[in-house]
Amino acid sequence: MKHLLIVILLLMSNLNFGQNSIDPTIINNSRKSCVKIYSQLGKSIGTGFFISDELIVTCFHVIAKLEVNGTNVNWSIFQDLIAITENGENVSVTCISIPNNMSSEPLFQDFAILKTSKIIKDKAILPLALNIDHKIGEPVIFSGYPLGTPVMVSYMGTISGITKDKSLICVQASTNKGNSGGALLNNSGEVIGIVSLREGGMVYLQDFKII
């Protein structure tokens, strides 16, 4: 059983790759693992990343229609989901796991696991971080498809603040709609979170488990 941290990434400031150094191999793996998640029926575009040969992690709000009514959340999963790699290869995907604690709270578990209909050969599989002892100033990177652009964009930022219980981390980074579901990587190339939301200037991390 592995632990993954959900990140709600909120817009702060634009950064460039010159501010901190991350191994080019990690940047390359971030991009090779990254896919665009698309639903024509739901008119939804987001990002996802491979955690195994057939499994992709993304945000739940990318692959489902959500309606919030008080403390209840009604939802329906889009049935025409497609994952698109950077080189343009398309593969249909099916949702096999969703959050087990749905609520209207802003920190509900915003993740989903998708299974591909075939094996994509030219990809990277990202390891999940087991150590959550993050440091202020630690560089992070994520890739995605902001605003549904046809070109994948990679971003670099830094951890700028951590609460004592490590439930809240502030990250200086830039993100836009369409980046949701992208993997946030540390300087060891491990997934420490998922880009989920932009608003204000903070990053929230919430623990969940993948069996």
Show me the ranking of peptides 68-80, 40-52 by mean Cβ neighbours inside 10 Å, starting with the highest.
40-52, 68-80
Run the numbers for ASN187 and SER52: contour at 0.36 nm per residue of separation, minus the present Cα-Cα distance, in nm.
46.6 nm
Which ³J(HN,Hα) values in Hz, rounded to whole numbers, follow from the phi angles of the stretch 21-32 under the Karplus curve 6.51 cos²θ - 1.76 cosθ + 1.60, where θ = phi - 60° and Gly and Pro get x?
9, 10, 3, x, 5, 5, 4, 5, 5, 4, 6, 6
With 10 angstrom as the radius, rank LYS123, LYS135, LYS177 by how many other C-beta atoms surround their C-beta, starting from the fewest.
LYS135, LYS177, LYS123
Kirkwood hydrodynamic radius, computed over distinct alpha-carbon pairs, for the stretch 35-116: how many Å, to one decimal?
13.0
Taking a virtual spin label 7 Å from the Cα of ILE82 along the C-beta vector, which residues in the stretch 24-39 bring their backbone nitrogen under 15 Å of it?
35-39
Please give the contour-minus-distance gain from LYS65 to SER21: 0.36 nm per residue of separation, less the Cα-Cα distance, rounded to one decimal in nm.
12.0 nm
Could I have the simple spin-label model distance between TRP75 and ASP133, label points 7 Å from Cα toward Cβ, reported in nm to one decimal?
3.4
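No value in this document is a laboratory result; all are computed from the given coordinates. Everything quoted here is computed from the prediction, not taken from an experiment. No Cβ is skipped: glycine too gets one built from the backbone with ideal geometry, and neighbour counts run over all protein chains shown.
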